[in-house]
Amino acid sequence: MDAKLKALIDQSEKIVFFGGAGVSTESGIPDFRGVDGLYRQKYDYPPETILSHEFFFSHTEEFYRFYRDKMLCLDAQPNPAHLALARLEREGKLTAVVTQNIDGLHQRAGSRQVFELHGSVLRNHCTRCGHAFGVEAITDCTGVPRCPCGGVIKPDVVLYGENLDDAVVSGAVAAIAACDLLIIGGTSLSVWPAAGLIDYCHGKIALINRTPTPADRRADLLLHGAIGEILGD
């Protein structure tokens with residue numbers, strides 16, 4: 001772990017981690033916002049259009065063709081950043097993880113208090129009767145997955161045009177407001193309203209990212225690089 005970051009952590013008692021896609025890319029999960037010519041070869045619409053509420057209901061089969069191909073990375077494993085955060089929680093230092101990712105890797109690494117702002121690919125529900133399904137309901141079929149009642153099964157992920165879950169946001173805000181150190185990592189802080197949650201922080205801020213972010217000037221500690229290398233052992 002970076003020495004300056006370790007010193008901040010040692011001085012802190014209530015740490016919250018706020019992370020984004022950069023945490024998962026180090027586990028081999030691609031950031032769909034990145035430049036990828038494959039999208040143009042295989043899909044008639046940009047990812048932001050496909051992953052929208054309106055598109056899900058109007059072009060459901062095309063949505064699932066993209067979703068299965070690009071959004072389900074179920075073989076990915078937690079990387080050193082995930083493992084370091086889980087260890088900090090076990091040590092009583094870290095009180096919560098607030099993540100924009102939908103892959104469940106923080107929980108797989110051992111983190112227990114995780115606020116998933118954008119939901120999870122591991123949870124799904126019927127749009128007609130509300131019955132809950134695991135990810136197997138999506139992976140074990142082709143085309144549009146359906147509930148025994150006939151309703152379309154929808155992933156519990158927040159699509160463009162949908163609101164964040166109020167309870168998740170409230171929990172994340174409370175955790176961030178109470179922390180004495182907010183570690184921000186692997187996010188460009190360009191996705192709203194999630195990025196606005198860091199404004200509730202009244203403690204110190206350590207910011208880890210490969211590229212500059214709008215919050216760089218606010219950081220008490222600014223580190224550029226791979227989050228797994230900086231945060232891990």
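The values are calculated or read from the model by the stated rules, or taken from the named source; none is laboratory data. Source: prediction; values computed, not measured. Ideal geometry is used to build each Cβ from the backbone, glycine not excepted, and the neighbour counts take in all protein chains shown. Side chains are part of the model used for accessible areas, which takes the heavy atoms of the whole protein and leaves out ligands, DNA and RNA. Shrake-Rupley method; radii C 1.70, N 1.55, O 1.52, S 1.80 Å.
The amide H of Ser52, built 1.01 Å from its N in the peptide plane, has Tyr160 as neighbours under 5 Å, considering only residues 5 or more places off or on other chains. Return one number: the angle in degrees, 0 to 90 and rounded to the nearest 10, between the long axis of the Cα atoms of helix 166-178 and the longest principal axis of the Cα atoms of the chain. Taking Cα atoms only, the helix is inclined about 10 degrees.
DSSP beta bridges fully contained in the range 97-233 are about 40 percent antiparallel.
If you place +1 on the Cβ of every Lys and Arg and -1 on the Cβ of every Asp and Glu, how big does the dipole about the Cα centre of the range 84-162 come out, in debye to the nearest 20?
Magnitude of the dipole: close to 140 debye.
Answer rounded, prolate or oblate for the range 175-233, using the Cα gyration tensor with square roots of eigenvalues a ≥ b ≥ c: rounded when a/c is under 1.5, else prolate when a/b is larger than b/c, else oblate. Verdict is oblate for the range 175-233.
Taking K and R as +1 and D and E as -1, what net charge do the other residues with C-beta under 13 Å from the C-beta of Arg128 add up to?
With Lys, Arg at +1 and Asp, Glu at -1, the net is +2.
Helix 80-90 and the longest principal axis of the C-alpha atoms of the chain enclose an angle of approximately 70°. Taking the DSSP bridge list for the chain and keeping only pairs wholly inside it, about 25 percent are antiparallel. Solvent exposure of the range 82-139, expressed per residue, is 41 Å² of accessible area, with all protein chains present and a 1.4 angstrom probe. Local charge for Ile102 was computed over the other residues whose Cβ lies under 10 Å away, with Lys and Arg +1 and Asp and Glu -1, and equals -2. Summed over the residues of the range 168-233 and divided among them, the accessible surface reaches 45 Å² per residue at a probe radius of 1.4 Å. Solvent-accessible surface of protein heavy atoms, probed at 1.4 angstrom with all chains present, puts His59, His106, His224 in the order His224, His59, His106, largest first. Projecting the Cα atoms of Gly28, Asn79, Ser58 onto the charge dipole of the range 16-159, computed from C-beta unit charges around the Cα centre, puts Asn79 farthest toward the positive end.
For the range 73-90 versus the range 123-191, the inter-centroid distance based on Cα atoms is 20 Å. Of the trypsin sites (Lys or Arg not before Pro) found in the range 110-188, the ones in coil according to DSSP and having at most 16 other Cβ atoms within 10 Å of their Cβ are Arg112, Arg128.
Scanning residues 5 or more positions from Ala96 or on other chains, those with amide H under 5 Å from its amide H are Phe17, with H placed 1.01 Å from N in the peptide plane.
With the charge dipole of the chain set up from +1 on Lys and Arg Cβ and -1 on Asp and Glu Cβ about the Cα centre, the Cα lying farthest toward the positive end among the listed residues Gln11, Leu122, Pro145 is that of Gln11.
Here the accessible area of the chain is 51 percent carbon and sulfur, with a 1.4 angstrom probe and all protein chains present.
Counting Lys and Arg as +1 and Asp and Glu as -1 over every other residue whose Cβ lies under 9 Å from the Cβ of Gln11, the net charge comes to -2.
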